[in-house]
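What follows is a set of notes on a single structure, which appears directly below.
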């Protein structure tokens with residue numbers, strides 16, 4: 001699509017803009033074909049074509065639901081870890097076979113990673129393809145260094161911190177390449193952090209290395225895990241504060257719909273004066289929220305966060321939901337946000353900031 005990037009630069013986000021966290025519903029046929037690839041029944045080239053088709057459909061679903069900022073659905077990725085680990089130089093995948101595509105590789109770092117100013121983890125190609133399929137702003141996400149480190153056998157560093165920071169340098173190089181290719185909205189996902197709350201300081205240090213020198217609208221997503229539609233951990237977001245205040249990101253994307261909105265009180269206690277990505281639909285349940293439920297959840301957040309600093313999203317990725325449920329939840333989310341936006345119309349305090357949002 002010609003001039004898509006320029007169109008996006010001139011597009012201002014609506015109040016209470018809607019987006020997704022990253023992953024989209026993985027159809028059963030795609031799961032089967034991905035697994036066939038690992039069983040050597042289809043070629044890498046064929047799988048690439050299959051991924052292209054699935055991503056086009058995921059983008060269309062988001063557009064038809066009315067999502068303001070779309071993603072590629074992360075449909076090229078088997079899970080939240082392997083796609084990156086298999087591409088980072090120096091990470092050894094000891095066995096590249098899988099009996100089921102969603103399984104994790106066994107990964108090891110046998111010696112210190114060598115990271116430079118340039119990188120080629122495959123994400124740029126993925127972004128460019130996505131950019132060619134839509135004229136809407138794009139959020140492009142990738143798993144952060146702390147979570148990646150939890151799936152690596154560390155045989156190289158005496159201190160785990162050194163492994164995390166080395167991974168951060170590799171991701172920083174890739175982020176620079178993404179921005180050079182036109183990406184402007186990047187998100188770091190840290191799905192493992194809730195399981196290691198004492199390491200939040202290290203995670204934030206690493207996140208700031210990823211974002212260092214990269215001129216993008218950065219978001220950080222922290223959830224409680226979403227493995228087969230089940231949380232990996234439970235708790236509250238207290239562990240993030242005050243350390244997360246030092247994160248060089250513009251948006252903090254959190255899950256609330258499944259666990260309740262009590263943690264909104266943290267935004268009264270701590271001066272987070274940036275955007276909040278508010279989880280308003282539960283991705284671990286097939287029950288579809290009504291637009292009234294979504295609107296009520298947004299109003300609850302507006303008690304502590306002004307509307308020009310609130311974005312509306314699912315709790316986490318939509319990977320494990322049936323496509324029909326994912327579509328219905330997104331439509332309800334968009335309708336609920338529109339209802340509250342209409343209520344706010346005309347109020348001087350509700351007007352969005354003058355800064356433009358880019359793809």
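How about region 27-46: which of its residues are buried (at least 17 other Cβ atoms within 10 Å of the Cβ) and either free of Cβ contacts under 8 Å to residues at least 40 places away in the same chain or over 19 Å from residue 103 (Cα atoms) (or both)?
33
I'd like the residue in region 10-53 that is within 19 Å of residue 311 (Cβ to Cβ) and out of contact with any strand residue (DSSP E or B) (no Cβ under 9 Å at 6 or more places or on another chain) and, out of all such residues, is modelled with the lowest pLDDT.
Looking at residues that are within 19 Å of residue 311 (Cβ to Cβ) and out of contact with any strand residue (DSSP E or B) (no Cβ under 9 Å at 6 or more places or on another chain), I get 11.
Taking region 60-112, which residues are in contact (Cβ under 8 Å) with a residue 24 or more places away in the chain, surrounded by fewer than 18 Cβ atoms within 10 Å (Cβ to Cβ) and assigned to a strand (DSSP E or B)?
Hits for region 60-112 are 106, 108.
Look through region 261-273, keep the residues that are part of a helix (DSSP H, G or I) and in contact with a strand residue (DSSP E or B) (Cβ under 8 Å, 6 or more places away or on another chain), and return whichever of them is surrounded by the most Cβ atoms within 10 Å (Cβ to Cβ).
Within region 261-273, the first condition is being part of a helix (DSSP H, G or I), and the residues that meet it are 262-269.
Of the ones still in play, those that are also in contact with a strand residue (DSSP E or B) (Cβ under 8 Å, 6 or more places away or on another chain) are 263, 267.
Values: 263: 17, 267: 20.
Ranking the candidates gives 267 first.
Report the residue count in region 236-260 for those that are out of contact with any helix residue (DSSP H, G or I) (no Cβ under 6 Å at 6 or more places or on another chain), farther than 15 Å from residue 274 by Cβ and assigned to a loop (DSSP other than H, G, I, E, B).
Of the residues in region 236-260, 6 are out of contact with any helix residue (DSSP H, G or I) (no Cβ under 6 Å at 6 or more places or on another chain), farther than 15 Å from residue 274 by Cβ and assigned to a loop (DSSP other than H, G, I, E, B).
Please state which of the following conditions residue 125 fails to meet, knowing it meets all the rest: (1) in a loop (DSSP other than H, G, I, E, B); (2) over 25 Å from residue 223 (Cβ atoms).
Status for residue 125: all satisfied but (1).
Which residue, of 82, 78, 61, 103, is at pLDDT 95 or above, within 20 Å of residue 165 (Cα to Cα) and out of contact with any strand residue (DSSP E or B) (no Cβ under 7 Å at 6 or more places or on another chain)?
Details: 78 fails: within 20 Å of residue 165 (Cα to Cα); 61 fails: within 20 Å of residue 165 (Cα to Cα); 103 fails: within 20 Å of residue 165 (Cα to Cα).
After applying the criteria, what remains is 82.
For (1) in a helix (DSSP H, G or I); (2) out of contact with any strand residue (DSSP E or B) (no Cβ under 8 Å at 6 or more places or on another chain); (3) closer than 25 Å to residue 283 by Cβ, each residue gets a yes or a no:
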residue: 162; (1), (2), (3): yes, yes, no
residue: 171; (1), (2), (3): yes, no, yes
residue: 187; (1), (2), (3): no, no, yes
residue: 206; (1), (2), (3): yes, yes, no
residue: 209; (1), (2), (3): yes, yes, no
residue: 214; (1), (2), (3): no, no, no
residue: 218; (1), (2), (3): no, no, yes
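The values are calculated or read from the model by the stated rules, or taken from the named source; none is laboratory data. Because the structure is a prediction, the values reported are computed rather than measured. Please note: Cβ atoms are built from the backbone with ideal geometry, for glycine as well, and neighbour counts cover all protein chains shown.
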